[in-house]
Structures are given as structure tokens and as C-alpha cells.
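One structure is given below, encoded as C-alpha cells.
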Amino acid sequence: MTAEIYKPAPLLKDFVKQVVVLDNYAPGSRETSLPYFADGLPGIMYQQCDTGMYLNRTKRLANLFIYGQTVKPIEITVGGSFRIIVFYLYPHVAKVLFKQNSSEITDTCLDLTLENRFGLKELIVRLEDSISTRQQVELINDFLIKHIYGNNLKPDKGLDFAVRQIVQAKSLASLKDIRRQLNISERTFERKFVDHVGVAPKLFTRICQFHAALIQLQEQQFEKFTDVAIENGYADQSHFIRSFKEFTGLTPSRFIESIQRP
């Protein structure tokens, strides 16, 4: 399996963080399992698979769908050859893009083509007619640009500020200070955050903290787990292990074993 990272179109800089393409040529029925853990980002996914793509082995996924915040660990399985294109969105923009309360797609996904909202069925036809990965990425880029600028869509500035503060500071972000800078009540802040991001601010902060620790483990930039715990703001190693297991279903040591397995 190969993975490529594409930069989104410059006009999408306020909405799309990055684009990732996974390609796998494996004719036949061989199954590929793709575990997915919380990273704080919703997304748009287009997939072409020989035998279909399944969420947690039970729900067959559409060719083009949006997904919300991931809190619980999930598994995506695909059979045979596949191509997956993921447009990773910034945490607070899914509601603006698709008029969908973000909390309603947390830990799940939504096929927007059922009612052909936003003209997505036409986009799928064009994607299926294209063989080139780059052309498929450009088709989705073009669709989003026309959709955003044709409808004058703009992210909420206050939530953009809050999300950036939390992501940059991880566990050290003060939600009280953020609310004060925005001059907004705790209740209003919580409500807007859940509507636009999909989870409460405190949970989002924990997700950002966990994801930073996960990246450090994946890159093996540590000598012992205590280092990871301290560098990512956990009270101690035990706290870090409990949090890591909550979001992955694995202890850090088991996770390291899984990524080192040939």
C-alpha cells in the first residue's frame, strides 16, 4: 500500500488541512484492515474498492461520504485493490460546509448523495470516470471551491480561534481564558463547540493531547513512556496509559508492538 499527501487548493486553506491518498493493488479477496483513532479532524472520503469498504465490519460505506469526530477506536476493512482519498477538514468547518450538526456525525459517517444534496451524485460520476489520482483530487478541490464560494461559506471566526488555541497548546489550553478572549459565556461556548466541532471543548482538548502522544509513539521519538506522558501534559504515566487505552483500545506497549509487526 502506498500513501501520498497532496496540498489542498490554496482557496481551500481555511477549510482543508491536507489531502491523503491510499492506493493498494491487491487483486482477489485479500482483506486490508485500517485502524483509525481520534485525531480531532472530520473529513470527506472517496473510495473505490473491489469488494466494498466496511466500518467495524458491519456497515457498508458509500463511495463518497463525510465523517465526524472519531472518539471511539474504529476499524475500516476493504477487500482486494482499493483507492481511498481523504480530505481532512479543520475541526470546526463540517457544519458550515454541509449544514449538518457536527455532533450528529461524531463516531459515524453520512452519505450526502442519498438526496443528491450539493450535486454530489454528479461529482461521483466524474470521479468514477477518471483514472488519474491527481485528477480525482482536483475534481474534489473544484467541487469544494465552487460550493464554498458559490454559497459564500465562511468558518466561524470565534471557533477558528478557539480550536487553534487548543490544538497548539494541547492539554495546557485554558478554556476559561479562551472564553474570556471571545467574550462568550461557558454555556454558549459549549453549545457552539458541540454544534460545529462535534464534541465538548474538554473532550476535544483530550483528543488533541492524545493525538500528539500517538504521533510521538508512531515516530518512536521517546526512550520511555514516562517521557511521552510528561511531554504531552499528562499527570503521570498511569494517566497517560489510561487515556491512550480509552482512545485506542490498546496500551502504549501493545500499540508499539502492532506497528512494529511485519
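Return the only residue of Tyr36, Tyr67, Tyr46, Tyr90 being within 19 Å of Val19 (Cβ to Cβ) and surrounded by fewer than 16 Cβ atoms within 10 Å (Cβ to Cβ).
Numbers: Tyr67 fails: surrounded by fewer than 16 Cβ atoms within 10 Å (Cβ to Cβ); Tyr46 fails: surrounded by fewer than 16 Cβ atoms within 10 Å (Cβ to Cβ); Tyr90 fails: surrounded by fewer than 16 Cβ atoms within 10 Å (Cβ to Cβ).
None of the others qualify; the one that does is Tyr36.
All but one of (1) assigned to a loop (DSSP other than H, G, I, E, B); (2) over 17 Å from the mean Cα position of the chain (by Cα); (3) on the phi < 0 side of the Ramachandran plot hold for Asp23; which doesn't?
(1)
Here's the yes/no breakdown for (1) of a type outside the set (Gly, Ala, Ser); (2) out of contact with any strand residue (DSSP E or B) (no Cβ under 6 Å at 6 or more places or on another chain):
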{"residue": "Val19", "(1), (2)": "yes, no"}
{"residue": "Leu22", "(1), (2)": "yes, no"}
{"residue": "Gln48", "(1), (2)": "yes, no"}
{"residue": "Gly52", "(1), (2)": "no, no"}
{"residue": "Ile66", "(1), (2)": "yes, no"}
{"residue": "Glu75", "(1), (2)": "yes, no"}
{"residue": "Gly80", "(1), (2)": "no, yes"}
{"residue": "Gln100", "(1), (2)": "yes, yes"}
{"residue": "Ser103", "(1), (2)": "no, yes"}
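Within segment 216-237, track down each residue that is surrounded by 12 or more Cβ atoms within 10 Å (Cβ to Cβ) and either part of a helix (DSSP H, G or I) or among the aromatic types (Phe, Trp, Tyr) (or both). Give the derivation first.
Start the filter on segment 216-237 by keeping residues that are surrounded by 12 or more Cβ atoms within 10 Å (Cβ to Cβ), which leaves 216-217, 222, 225-234, 237.
Of everything in segment 216-237, those that are surrounded by 12 or more Cβ atoms within 10 Å (Cβ to Cβ) and either part of a helix (DSSP H, G or I) or among the aromatic types (Phe, Trp, Tyr) (or both) turn out to be Gln216, Leu217, Phe222, Phe225, Thr226, Asp227, Val228, Ala229, Ile230, Glu231, Tyr234, Gln237.
For Val199, all conditions in the list (1) touching a helix residue (DSSP H, G or I) at 6+ places or on another chain (Cβ under 9 Å); (2) within 22 Å of Asp107 (Cα to Cα); (3) among the hydrophobic types (A, V, I, L, M, F, W, C); (4) assigned to a helix (DSSP H, G or I) hold save one; what is the number of the exception?
(4)
Which one of Ile5, Ile66 is touching a Leu at 6+ places or on another chain (Cβ under 7 Å) and within 22 Å of Ile124 (Cα to Cα)?
Working: Ile5 fails: touching a Leu at 6+ places or on another chain (Cβ under 7 Å).
Criteria check complete, one pass: Ile66.
Only one of Glu75, Glu122, Glu115 is surrounded by fewer than 15 Cβ atoms within 10 Å (Cβ to Cβ), outside the structural domain of Ala200 (by TED's automatic domain parsing) and part of a strand (DSSP E or B). Can you tell me which?
Details: Glu122 fails: part of a strand (DSSP E or B); Glu115 fails: part of a strand (DSSP E or B).
Of Glu75, Glu122, Glu115, the one residue that is surrounded by fewer than 15 Cβ atoms within 10 Å (Cβ to Cβ), outside the structural domain of Ala200 (by TED's automatic domain parsing) and part of a strand (DSSP E or B) is Glu75.
With (1) in contact with a Gly (Cβ under 7 Å, 6 or more places away or on another chain); (2) surrounded by 19 or more Cβ atoms within 10 Å (Cβ to Cβ); (3) free of Cβ contacts under 8 Å to residues at least 40 places away in the same chain as the list, and Phe204 as the residue in question, which single condition is left unmet?
(3)
Only one of these conditions is not met by Ile131: (1) more than 19 Å from the chain's Cα centre (by Cα); (2) touching a residue at least 24 places away in the same chain (Cβ under 8 Å). Which number is it?
Result: Ile131 fails condition (2) only.
Consider segment 149-178. How many of its residues are over 17 Å from Pro91 (Cβ atoms) and assigned to a helix (DSSP H, G or I)? Let's see the steps before the verdict.
Start the filter on segment 149-178 by keeping residues that are over 17 Å from Pro91 (Cβ atoms), which leaves 149-152, 172, 174, 176-177.
Imposing the further condition that a residue be assigned to a helix (DSSP H, G or I) reduces the set to 149-150, 172, 176-177.
The qualifying residues number 5.
Restricting attention to segment 26-53, report how many residues are more than 18 Å from the chain's Cα centre (by Cα), over 21 Å from Ser132 (Cβ atoms) and either without any contact (Cβ under 8 Å) to a residue 12 or more places away in the chain or not in a strand (DSSP E or B) (or both).
In the first step, residues of segment 26-53 are kept if they are more than 18 Å from the chain's Cα centre (by Cα); the result is 26-32, 48-52.
Within this subset, residues satisfying the condition of being over 21 Å from Ser132 (Cβ atoms) are 28-32, 51-52.
Subsequent filtering for residues that are either without any contact (Cβ under 8 Å) to a residue 12 or more places away in the chain or not in a strand (DSSP E or B) (or both) retains 28-30, 51-52.
The number of residues fulfilling the criteria is 5.
The values are calculated or read from the model by the stated rules, or taken from the named source; none is laboratory data. Quick caveat: nothing in here was measured; it's all calculated off a predicted structure. Cβ: placed from backbone, ideal geometry, glycine included. Neighbour counts: every protein chain shown.
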